[in-house]
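Chemist: Got a structure for you, written out below as structure tokens; questions coming shortly.
The values are calculated or read from the model by the stated rules, or taken from the named source; none is laboratory data. Keep in mind the model is a prediction, meaning the values are calculated, not measured. As a convention, Cβ positions derive from the backbone with ideal geometry for all residues, glycine included, and neighbour counts pool all protein chains shown.
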């Protein structure tokens, strides 16, 4: 029996004496679960792992109740990447591509020209934030660094890695403010920031993928006094539901639903993230739109 992968973890850390912080993520079992019903060629699999990891890293920089969606859309061989992470670090991701199993395109060929979109949707209000930047960079980490520079004005560095077994990442940010008052404080902050960046860029992918947060953070922070916080669980979870699917079908309209049903004999909706199927026969479709009519009319039969 195959050994069950360790749970995914998020570890936040900060320097005690400087406004510098970071997040370390190892997807663990979440990486295996989100691919349980999909088979991707190695270049797509690697990029998807980095993308899902990045969504968790970005969500960890925010205080929000809702969902962060990271989307990459371009004219390369990977047409679309979508990763979503909730405020309680439930993650899911999917890729659309046209790459054969034996092809090994580089990052530029994978994504082509396009855009990277970050959307934060509140679960409790109608508030919605969206930032869009062009795909500009030698890899996904560089594209995300450009996003933070242009949309958030926060100096940020990322390291991302993924393979068939593991997916992990580490994010560093330089926060507004000075380390201390007095002459030289700004210079000291900049020097420390550069040292942490050097440590991050020197880290081998194997060290990041090993799943050892303490070792990874120490490699980056060096001798600087650093506080590493307790782990937060990261897991795979799909947000699809019968209600969400019903809402999508209602948005298409009764005539289109009936036409699809007449052509195919059944109206089938399959979730791309978890592969769950939702089937509607003729009775289901008519009931679906009857329920909508009752809601719109304020019928007493709907409570």
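Chemist: Which numbered condition trips up residue 156, out of (1) closer than 29 Å to residue 15 by Cα; (2) surrounded by 16 or more Cβ atoms within 10 Å (Cβ to Cβ); (3) in contact (Cβ under 8 Å) with a residue 40 or more places away in the chain?
Modeler: (3)
Chemist: While we're here: Taking the condition of being in contact with a strand residue (DSSP E or B) (Cβ under 8 Å, 6 or more places away or on another chain), free of Cβ contacts under 8 Å to residues at least 24 places away in the same chain and within 30 Å of residue 59 (Cα to Cα), how many residues in the range 233-284 meet it?
Modeler: Total satisfying the criteria: 3.
Chemist: Right, residue 16: under 21 Å from residue 219 (Cβ atoms), surrounded by fewer than 19 Cβ atoms within 10 Å (Cβ to Cβ) and not assigned by TED's automatic domain parsing to the domain that holds residue 276 or not? Before you say what the answer is, go through the steps one by one.
Modeler: On the way: under 21 Å from residue 219 (Cβ atoms): yes; surrounded by fewer than 19 Cβ atoms within 10 Å (Cβ to Cβ): yes; not assigned by TED's automatic domain parsing to the domain that holds residue 276: yes.
When the stated conditions are applied, residue 16 passes them.
Chemist: Could you identify the single residue in 22, 74 that is outside the structural domain of residue 275 (by TED's automatic domain parsing), under 22 Å from residue 205 (Cβ atoms), touching a strand residue (DSSP E or B) at 6+ places or on another chain (Cβ under 8 Å) and in contact (Cβ under 8 Å) with a residue 40 or more places away in the chain? Walk me through how you get there before you give the answer.
Modeler: Values: 74 fails: under 22 Å from residue 205 (Cβ atoms).
The unique qualifying residue is 22.
Chemist: For the range 32-54, check the following and say yes or no: at least one residue is in the same structural domain as residue 197 (by TED's automatic domain parsing) and under 15 Å from residue 216 (Cβ atoms). Can you show your working first?
Modeler: Narrowing the range 32-54 to residues in the same structural domain as residue 197 (by TED's automatic domain parsing): 32-54.
Filter once more, so that each one left must be under 15 Å from residue 216 (Cβ atoms): 53.
Yes: one or more hits.
Chemist: Is it the case that some residue within the range 116-134 is under 15 Å from residue 46 (Cβ atoms), in contact with a strand residue (DSSP E or B) (Cβ under 8 Å, 6 or more places away or on another chain) and surrounded by 18 or more Cβ atoms within 10 Å (Cβ to Cβ)?
Modeler: The initial filter retains those residues of the range 116-134 that are under 15 Å from residue 46 (Cβ atoms), namely none.
Taking every residue of the range 116-134 in turn, none turns out to be under 15 Å from residue 46 (Cβ atoms), in contact with a strand residue (DSSP E or B) (Cβ under 8 Å, 6 or more places away or on another chain) and surrounded by 18 or more Cβ atoms within 10 Å (Cβ to Cβ).
Chemist: Moving on to the next point. Just to be sure, is residue 230 modelled with pLDDT of 80 or more, more than 22 Å from residue 37 (Cβ to Cβ), out of contact with any strand residue (DSSP E or B) (no Cβ under 6 Å at 6 or more places or on another chain) and assigned by TED's automatic domain parsing to the domain that holds residue 31? Give the derivation first.
Modeler: Numbers: modelled with pLDDT of 80 or more: yes; more than 22 Å from residue 37 (Cβ to Cβ): yes; out of contact with any strand residue (DSSP E or B) (no Cβ under 6 Å at 6 or more places or on another chain): yes; assigned by TED's automatic domain parsing to the domain that holds residue 31: yes.
So residue 230 fits the description; yes.
Chemist: For the structure I just gave you, tell me whether residue 206 is within 25 Å of the chain's Cα centre (by Cα) and within 16 Å of residue 23 (Cβ to Cβ). Even if it seems obvious, please write down each step before you answer.
Modeler: Working: within 25 Å of the chain's Cα centre (by Cα): yes; within 16 Å of residue 23 (Cβ to Cβ): no.
So residue 206 fails the test.
Chemist: Residue 216 - would you say it is over 30 Å from residue 15 (Cβ atoms), crowded, with 16+ Cβ neighbours inside 10 Å and either at pLDDT 90 or above or in contact with a helix residue (DSSP H, G or I) (Cβ under 8 Å, 6 or more places away or on another chain) (or both)?
Modeler: Spelling it out, it is not the case that residue 216 is over 30 Å from residue 15 (Cβ atoms), crowded, with 16+ Cβ neighbours inside 10 Å and either at pLDDT 90 or above or in contact with a helix residue (DSSP H, G or I) (Cβ under 8 Å, 6 or more places away or on another chain) (or both).
Yes/no per residue for (1) within 27 Å of residue 152 (Cα to Cα); (2) modelled with pLDDT under 80:
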site	(1), (2)
170	yes, no
184	yes, yes
209	no, no
223	no, no
247	no, no
256	no, no
263	no, no
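Chemist: Need the failing condition index for residue 223 against (1) free of Cβ contacts under 8 Å to residues at least 40 places away in the same chain; (2) within 30 Å of residue 16 (Cα to Cα); (3) in contact with a strand residue (DSSP E or B) (Cβ under 7 Å, 6 or more places away or on another chain), just the number.
Modeler: Here residue 223 clears every test but (3).
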